Amino acid sequence: MVNVDEFIEDATESIRDQIGDEHAIIALSGGVDSSVAATLAYEAVGEQLTPVYVDTGLMRKGETEQIADTFSFMESLRVVDARDRFFDALEGVVDPEEKRKVIGEQFIREFEREAKETDAQYLVQGTIYPDRIESEGNIKSHHNVGGLPDVVDFEGIVEPVRDLYKDEVREVARALGLESIIAERMPFPGPGLAVRVLGEVTPEKVQVARDACHVVEDETEKHDPWQAFAAVIGKGTGVKGDNRVHGWIVSVRSVESRDGMTARAQELPWDTLQRIQSRITGTNENVARVVYDVTHKPPATIEYE
Ligand code: XMP
């Protein structure tokens, strides 16, 4: 991308050309990619676009309220409360790829209903360049690529940021005037907190991961990581008062990266790590242990699943 303003002008013009007088729909995830794609499309075709935000129950703390608020200027915005349906669908599912599949399918079901109701002919997606590369390499099934177009009979797919890297998408977000909480927000996986709890996805584990992620984001902000989060990786023994308890083990990860393809574990100060530990164990009495992940990518991936 050479010039941001030129990119925005070209992108909106080509979206307008592609959609014409038809109706389009986009799944807003709260991430910077879909937010930029939605804003570009909204600038291009206005209320011909229906942005749909599905609350899967797997989102970050305060995210649903934040999205509803940030995009309230789009009158056509739909917020779908699908939390119970996602947790029901995920019951008993432990395999990471199976989780992604179940989430992807449930998402399609939710979205399909909305697409039919709005009679959308076009699907706008926030796919970026690294998504396409990883999907083509079949490293991990990204639920935000593919799937939807096969199920709903769209006339066309609109991917305004398909050739951009993450840092370029952020540049466009800033130029579009998207609030910094969106523009600077760190990447978050499509399947959400489901891939930050190892094993079965339960509301309890997701709540532990959500609170812990919030603490980690908050405490690491001044160290400017590319991505920082927490994951519930199992159970272990701890002591609470005079009792031995079997509580959750939360792993904290903070990495530096340009595009997520490779990453370096960040060397955080001890007092930051200790504050994170004390806030996480303090918030949730069922957390017995907090560990810090020092592994780079490769050999590890950024997320745990
Ligand atoms: P990994 O864990 O593969 O992650 O090193 C690389 C980057 O991609 C994000 N990620 C995902 N994003 N759907 C997404 O939209 C997914 O299924 C998914 N899995 C990982 C991850 O957060 C990191 O930024």
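Residue pairs whose Cβ atoms lie under 8 Å apart, separated by 6 or more positions or on different chains, with the first residue in region 99-116 and part of a helix (DSSP H, G or I) and the second among the polar types (S, T, N, Q), are Arg100/Ser141; Lys101/Ser141; Ile103/Thr56; Gly104/Ser141; Gln106/Thr56; Phe107/Thr56; Glu114/Thr50. The condition (being closer than 25 Å to Val201 by Cα and not basic (Lys, Arg)) is satisfied by just one residue among Val80, Val4: Val80. The set of residues from region 265-277 being away from the ligand (no atom under 16 Å from the Cβ) and free of Cβ contacts under 8 Å to residues at least 60 places away in the same chain comprises Glu267, Leu268, Pro269, Trp270, Asp271, Thr272, Leu273, Gln274, Arg275, Gln277. Within region 247-262, the set of residues being under 17 Å from Ala231 (Cα atoms) and of a type outside the set (Lys, Arg) comprises Gly247, Trp248, Ile249, Val250, Ser251, Val252, Ser254, Val255. Once region 247-287 is narrowed to residues that are among the charged types (D, E, K, R) and over 20 Å from the mean Cα position of the chain (by Cα), the residue that is nearest to Glu305 (Cα to Cα) is Arg264. Within region 187-231, if we keep just the residues that are acidic (Asp, Glu) and assigned to a helix (DSSP H, G or I), the residue that is nearest to the ligand (Cβ to nearest atom) turns out to be Glu217.
Taking first residues from region 219-235 that are closer than 12 Å to Gln266 by Cα and partners that are surrounded by fewer than 19 Cβ atoms within 10 Å (Cβ to Cβ) and among the basic types (Lys, Arg), the Cβ contacts under 8 Å between residues at least 6 apart in sequence or on separate chains come to Trp226/Arg258. In this structure, does Glu105 turn out to be under 30 Å from Gly92 (Cβ atoms), of a type in the set (Asp, Glu) and at pLDDT 90 or above? Here the answer is yes, as Glu105 does meet what is asked.
Scanning region 233-274 for residues that are among the small types (Gly, Ala, Ser), more than 30 Å from Asp167 (Cα to Cα) and assigned to a strand (DSSP E or B) yields Gly234, Gly236, Gly238, Gly247. On the stretch given as region 175-193, residues that are in contact (Cβ under 8 Å) with a residue 40 or more places away in the chain and over 20 Å from Val255 (Cα atoms) total 4.
Going residue by residue through region 242-263, is there one that turns out to be at positive phi, within 11 Å of the ligand (Cβ to nearest atom), in contact (Cβ under 8 Å) with a residue 60 or more places away in the chain and surrounded by 15 or more Cβ atoms within 10 Å (Cβ to Cβ)? Scanning region 242-263 turns up at least one residue that is at positive phi, within 11 Å of the ligand (Cβ to nearest atom), in contact (Cβ under 8 Å) with a residue 60 or more places away in the chain and surrounded by 15 or more Cβ atoms within 10 Å (Cβ to Cβ).
Remark: pairs (first residue in region 278-305, within 26 Å of Ser257 (Cα to Cα) and assigned to a strand (DSSP E or B); second residue away from the ligand (no atom under 12 Å from the Cβ) and among the small types (Gly, Ala, Ser); Cβ separation under 6 Å; 6+ apart in sequence or on different chains) = Val291/Ser251. Inside region 196-213, can you point out the residues that are farther than 16 Å from Ser254 by Cα and in contact with a strand residue (DSSP E or B) (Cβ under 8 Å, 6 or more places away or on another chain)? Hits for region 196-213 are Val197, Leu198, Gly199, Lys205, Val206, Val208.
The sole residue among Thr50, Thr39 that is closer than 20 Å to Thr118 by Cβ, hydroxyl-bearing (Ser, Thr, Tyr) and touching an Asp or Glu at 6+ places or on another chain (Cβ under 8 Å) is Thr50.
The helices (runs of 4 or more DSSP H) falling completely within region 1-82 that include 2 or more residues that are within 17 Å of the chain's Cα centre (by Cα) and buried (at least 21 other Cβ atoms within 10 Å of the Cβ) map to 32-45. Just so you know, in region 199-217 the residues that are surrounded by fewer than 20 Cβ atoms within 10 Å (Cβ to Cβ) and under 17 Å from the mean Cα position of the chain (by Cα) include one that is nearest to Asp293 (Cα to Cα), and it is Glu217. Of the set (1) within 15 Å of the ligand (Cβ to nearest atom); (2) surrounded by fewer than 12 Cβ atoms within 10 Å (Cβ to Cβ); (3) closer than 24 Å to Ser35 by Cα, all apply to Glu97 but (3).
The values are calculated or read from the model by the stated rules, or taken from the named source; none is laboratory data. These numbers were taken from a predicted model, which means no experiment stands behind them. Heads up, the Cβs are rebuilt from the backbone with ideal geometry, glycines too, and the neighbour counts pull from every protein chain shown.
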